[in-house]
1. Tell me, what is the FRET efficiency for Val21 and Glu133 to the nearest 0.05, using R0 = 35 angstrom and their Cβ-Cβ distance as r?
2. Could you tally the net charge around Gln245, taking each other residue with its Cβ under 11 Å from the Cβ of Gln245, Lys/Arg +1 and Asp/Glu -1?
3. For a quick check: sort His333, His228 by the number of other beta carbons within 10 angstrom, fewest at the front.
4. Which entries in Lys137/Lys217; Lys137/Lys214; Lys156/Lys217 show an alpha-carbon gap greater than 26 Å?
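None of the figures in this text is laboratory data; all of them are computed from the coordinates on show. Not measured: the values here are computed from a predicted model. We place every Cβ from the backbone using ideal geometry, glycine too, and count neighbours over all the protein chains shown.
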Amino acid sequence: MLFDSSFRQELARYFWATLVVLTIIVITVWLIRTFGEASIGRFNPQDVGVVLGYTAMSNLHSLLTLSLYIALVSTVSRMYADSEMVIWQASGQSVLSLLSPALRFSWPWLITITALSLMAWPWSNMQIREMRERYEKRGDIERIKPGQFQESADGKRVFFIDNSSIAEKTGNRIFVVSNENNTQSIVTAQTGIIETRDRERFFILSNGQRIEIKPDKNEFKLIEFETHASKIDSIPPQLSSADAQSMQPMALLSDPTAVNLAELGWRIGMAIAAFNLMILAIAIPFINPRSGRSGSLIVTVISFFTYYNMVNMSKHWIAGGRISMPAMLITLHLPVLLVSLMILYWRQQQGLVFTKARKPMATKVVQA
């Protein structure tokens with residue numbers, strides 16, 4: 001059908017154009033933020049690209065929802081602005097006729113948004129969290145960078161190595177300051193090497209000295225050594241348990257705390273919101289060619305951000321125990337759906353009145 005095909009073709013053009021533009025803008029913002037986090041040691045700078053990919057995957061459902069909404073609003077607004085909607089109404093089509101082609105185009109994206117909200121969001125968050133924790137809890141040796149002072153994971157030691165060879169696990173001109181058991185020690189050495197003995201790692205220092213200071217006893221001790229061995233803790237870092245944002249839906253249901261139910265309700269709400277916004281994007285846009293399109297554009301923008309922010313706020317309401325998850329899903333999303341359908345019905349009645357008013361005029365012109 002010409003009506004369906006033309007509407008879906010224009011909708012596809014707007015959708016892909018909007019998605020590309022939004023993706024470029026958002027990726028640029030995320031890239032700057034990711035570089036900032038890497039510069040302060042939140043994760044390995046070499047993993048910036050990986051973290052950026054996981055971040056994009058975790059937020060892709062929001063990008064798709066916004067792109068679909070903007071595409072529908074732009075298409076319907078253009079039809080009103082160019083009086084194309086008037087022509088379709090005169091030929092027997094109505095605003096409700098837009099639902100069928102809109103659903104045919106949108107249903108694959110709605111399923112994708114649902115899958116991303118329920119499955120990809122927690123998986124991506126889990127990967128990002130594990131990468132950050134592994135980097136933050138890495139061993140002292142892994143923290144050392146040539147020419148830079150580095151603090152240990154427990155904050156009790158500071159290391160400095162002038163230059164080192166990662167492949168050979170050696171370093172030159174080593175400086176270590178530690179503060180443990182009310183004793184401050186300063187160790188310097190010409191060279192150092194990491195060796196494995198009986199499946200345990202040791203840091204072997206050569207040609208150096210050790211200064212021990214006990215401020216409470218006013219004691220000072222200087223020890224010179226040719227070889228000094230220090231055991232390196234080789235226990236792999238223990239990752240913390242997954243938070244609600246990193247848990248899959250079944251895991252959230254198996255532990256139905258307020259925080260977990262709030263997270264699950266938010267994910268389900270995102271999927272429902274995508275469907276409601278699709279209908280709202282058809283119902284709200286109405287442009288009078290004589291009055292311009294700024295008024296309709298403002299209403300559509302306010303409607304989107306108000307509804308989307310309410311979905312985000314519902315997460316805090318459920319977590320705080322103010323309302324249950326089923327009650328929130330019903331009280332927030334059902335009214336939006338009903339209001340959207342009522343607006344569509346009102347637009348439908350306006351179209352019927354316009355069509356009935358056009359028929360007598362056309363008859364008079366023929367009789368004349």
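1. E(calc), rounded to 0.05, equals 0.50.
2. Within the 11 Å Cβ shell, the charges total +1.
3. His228, His333
4. Lys137/Lys217; Lys137/Lys214
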